[in-house]
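J.: Just dropping this structure here.
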Amino acid sequence: MLTTLQELSQQFYAAIKAAFPEFDFAPHTVEITPSTQDKFGHYQFNGAMKLAGLLKKKPREVAEAIVAQLNSGSLKHGLIDKLDIAGPGFINIWLKPDYLAQRLQTMLSSPHLAIAEVKPKQKIIIDFSSPNTAKEMHVGHLRSTIIGDCLSHLFEFLGYDVLRLNHIGDWGTAFGMLIAYLKENAPAVLAGTEKTDLTHLVNWYRESKKQFDADSDFKKRSQLEVVAIQSGNPASIQAWEIICDISRKAYQEIYDLLDVEIIERGESFYNPLLADIVADLEKKKLITLSDGAKCIFIEGFANREGDLLPLIVQKSDGGYNYATTDLAAIRHRIQDEKADRLIYITDAGQATHFAMIFKAAELAGYLDSSKVVVNHVPFGLVLGADGKKFKTRSGDTERLIDLLTTAITEAKRILMEREVDMGEQQLTETAEVLGINAIKYADLSSNRTSDYVFSYDRMLRFEGNTAAFLMYSYVRINGIKRKVGVDIASIKEALELKHPSEIALAIHLDQFAMTLDQMTKDLSPHRLTEYLYNLAERFNAFFRDCRVEGDPAQNSRLLLCETAAQVMRQGFYILGLKPLERM
Ligand code: ARG
């Protein structure tokens, strides 16, 4: 079904057309917004002022003409209860409680809460997480993973065909160095006879870098290794695969804890396409030589001195790089995967890189912006309590896995402090869910583009805009349903909204579809966390003001509880949070 916002826009469009037949305008220009305060109604139309300017009339007159049209019988407006003009010409709108009740009933009786699936089906590729082989995943990758998983869930729920891609940094000259080092210092690892882990690999990587910088013979051996991998030498490829496997295992441990699914398609996947990309760019006269490197210079991308920035696609030593791979990837995703939209989730530091890639892809004819939407979704830094980049007490960058397990331990400690009535097994499970939910929620609820301060204490609080508060609210709603003990499916009564707190809750529940719709545009998960937080608060107000058990309106109110529970559950799912039935 259409959202209430869309319904209202249609009504207003028709009213404006009828009031000013000579005026030509497009339906989407009619903008209705939810009201910011109760006294301004449920929704507002603030466009009369702008319209008055265009029509050369007084704003108030324009507003009155629109309201007169809506009030006259010529327009059927089964949804509007009352209209009111405020100030210079703001139109405040109150909805009919019956209309809202109907909407909630439809949500309850349809799959997907009556939210329409996109038609025709569209394909979206979401590039997220994307750590670098032989390196630890860091908090930046954690943000990318959490946001990427959330946006994937959102589009999947809305019926898109979503391809989640892990663009792992698994290729490049650094592997020459590492393989040369391992051959000399840990041959058993490369032979596959000695098992090891990412922590060791990261150390060897560090050592190999040191030796590379200090020892020119080692440097030569490393460069030969690079040539060997590039030319597909079987022993070198096998060594490379072992390194990838060790890294992959460590990443998978994190994905399992976070319950995130993603398909690995690292940089190496595009390696066979790179020579052709450069040749194609040369053919299209996009390449300029600069200090021996093949570069694309794009108007509008300059440094502070005003010199154009190079997008290097082939280094002077013949090697390809990050940008070349991203150009190959964008072409592949559009031409071969036939994506309608591409989304890339990385820290804000890569904004220029992606802006240049998108522009270069357009110039090369890989991307037609009128057909395919591309978005770089940047995010801010994770900060420690000191306001600086997040580090462990020892000063090293925290290993992600430690960070996740600490959250779980802390969650367990807090649950024990609260003296929850649980056996050991249930306590452990609850702590695991709470700890991970808290990490995810803290991230998703902060404005994506700003930095946020990481704090176990804050994220694990039971009050305020936190995972625990929402999970607890959800448990409470289910507790009420359980206590009344009526099977929801057997309820024959219709949902009826009378009390202002019931209506306020219903208005909010009805805005779930609208919230998701906005999220598809600005790709900001905190819209949904805010929505759910407000939902919990409105539910609490309703439950404070309206008796459920034993009230004549009991069954209608149970339906309201059920809608709230379903919306919350669905919201949790999109955020990647696990609900608990008891807490
Ligand atoms: N591996 C990169 C990093 O750690 C992120 C890759 C993002 N995706 C892309 N297509 N460039 O910063």
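The values are calculated or read from the model by the stated rules, or taken from the named source; none is laboratory data. Treat the numbers as computed from the prediction; the structure is a model and nothing was measured. Cβ atoms come from the backbone with ideal geometry, glycine included; neighbour counts cover every protein chain shown. In case anyone asks, the SASA skips ligands and DNA or RNA and just uses the protein heavy atoms, side chains included. Shrake-Rupley method; radii C 1.70, N 1.55, O 1.52, S 1.80 Å.
J.: If one computes the Cα centroid of the range 492-526 and of the range 529-583, what distance in Å separates the two points?
T.: 11 Å
J.: I80's amide H: which non-local residues (gap 5+, or another chain) put their own amide H closer than 5 Å, with H modeled 1.01 Å from N in plane and none for Pro or chain starts?
T.: Amide H to amide H, under 5 Å and 5 or more residues apart or across chains, I80 pairs with K96.
J.: Further, regarding this structure: Which value, in debye to the nearest 20, gives the size of the charge dipole of the range 15-95 about its Cα centre, when Lys and Arg are +1 and Asp and Glu are -1 at the Cβ? Write out the running numbers ahead of the final one.
T.: On the way: 9 positive and 8 negative charges, 30 e Å.
I would put it at about 140 debye.
J.: Please list, in order along the range 536-544, the HN-Hα scalar couplings obtained from phi with the Karplus expression 6.51 cos²θ - 1.76 cosθ + 1.60 (θ = phi - 60°), rounded to whole Hz, x for Gly and Pro.
T.: So the J values, rounded to whole Hz, are 4, 5, 5, 5, 4, 5, 4, 5, 5.
J.: From the Cα gyration tensor of the chain, with a ≥ b ≥ c the square roots of its eigenvalues, which class applies: rounded if a/c is under 1.5, or else prolate if a/b is larger than b/c, or else oblate?
T.: On the way: a/c = 2.71, a/b = 1.51, b/c = 1.80.
Taking the square roots of the gyration eigenvalues as a ≥ b ≥ c, the chain is oblate.
J.: Sequence-distant or interchain residues sharing an amide H contact under 5 Å with S290, placed H: which?
T.: Amide H to amide H, under 5 Å and 5 or more residues apart or across chains, S290 pairs with C295.
J.: A further question on this structure: Dipole of the range 89-166, Cα-centred, from +1 at each Lys and Arg C-beta and -1 at each Asp and Glu C-beta, to the nearest 20 debye?
T.: Dipole about the Cα centre, nearest 20: 140 debye.
J.: Of all accessible surface on the chain at a 1.4 Å probe, what whole percent is carbon and sulfur?
T.: Carbon with sulfur: 51 percent of the solvent-accessible area.
J.: Using the crude model of +1 on Lys and Arg Cβ and -1 on Asp and Glu Cβ, and no other charge, please compute the dipole size for the chain relative to its Cα centre, in debye to 20.
T.: Details: 67 positive and 77 negative charges, 222 e Å.
The dipole of the chain has a size of about 1060 debye.
J.: Given H placed on each backbone N at 1.01 Å, which residues far from L309 in sequence or on other chains put an amide H within less than 5 Å of it?
T.: Correct list: I298, F301, A302, N303.
J.: Set Lys and Arg Cβ to +1 and Asp and Glu Cβ to -1, take the dipole of the range 22-159 about its Cα centre, and tell me which of H42, S129, F90 lies farthest positive.
T.: Positive-most Cα among the choices belongs to F90.
J.: Rounded to whole Hz and in sequence order, give me ³J(HN,Hα) for the range 105-110 from the Karplus expression 6.51 cos²θ - 1.76 cosθ + 1.60, θ = phi - 60°, writing x for Gly and Pro.
T.: For the range 105-110, the Karplus curve yields 4, 5, 4, 5, 8, 10 Hz.
J.: Between helix 400-417 and the chain, what is the angle of the helix's C-alpha long axis to the longest principal axis, kept within 0 to 90° and rounded to the nearest 10?
T.: Once rounded, one gets 40 degrees.
J.: Separate question: Of all DSSP beta bridges in the chain, what percent run antiparallel (nearest 5)?
T.: Details: 21 of 43 bridges.
About 50 percent, rounded to the nearest 5.
J.: As a quick test, which of the pairs K412/K483; K135/K388; K82/K371 have an alpha carbon distance above 30 angstrom in this structure?
T.: Check vs 30 Å cut-off fails for K82/K371.
J.: Work out the charge dipole of the range 431-476 with +1 on the Cβ of Lys and Arg and -1 on the Cβ of Asp and Glu about the Cα centre, then indicate which of A442, M459, F469 is farthest towards its positive end.
T.: Towards the positive end, the residue furthest out is F469.
J.: Then there is this: Counting only DSSP beta bridges with both residues in the range 52-176, what percent are antiparallel, rounded to the nearest 5?
T.: Details: 6 of 12 bridges.
Of all bridge pairs located within the range 52-176, approximately 50 percent are antiparallel.
J.: Strictly over 32 Å apart at the Cα level, which of K96/K492; K209/K249; K210/K359; K96/K440 would you flag in this model?
T.: Listed pairs above 32 Å: K210/K359; K96/K440.
J.: Further question on the same structure: Please give every one of the aspartates and glutamates within straight-line cross-link reach of K56, meaning a C-alpha to C-alpha distance under 16 Å, and leave out same-chain neighbours fewer than 8 residues apart.
T.: Partners within reach: E22, D24, E64.
J.: If you don't mind, another one. Based on the alpha-carbon gyration tensor of the range 184-246 and its eigenvalue square roots a ≥ b ≥ c, which shape applies: rounded if a/c is under 1.5, prolate if not and a/b is larger than b/c, or oblate?
T.: It comes out oblate by the Cα gyration axes.
J.: Moving on. Which peptide among 304-310, 272-278, 353-359 comes first, and what is the full order, when sorted by highest mean count of other Cβ atoms within 10 Å?
T.: Peptide ranking by packing, descending: 353-359, 272-278, 304-310.
J.: A follow-up question, please. Under a 1.4 Å probe, what is the accessible area of the chain per residue, stated in Å²?
T.: Here the per-residue accessible area is 47 Å².
J.: Further question on the same structure: So what are the ³J(HN,Hα) numbers for the range 40-55, from phi and the Karplus equation (6.51, -1.76, 1.60; θ = phi - 60°), rounded to whole Hz, Gly and Pro as x?
T.: 8, x, 8, 9, 9, 10, 10, x, 5, 5, 5, 4, 4, x, 5, 8
J.: Tell me whether the range 452-526 comes out rounded, prolate or oblate; compute the Cα gyration tensor, take square roots of the eigenvalues as a ≥ b ≥ c, and use a/c under 1.5 as the rounded threshold. Don't skip to the end; give the middle numbers.
T.: Numbers: a/c = 2.55, a/b = 1.42, b/c = 1.80.
The shape class here is oblate.
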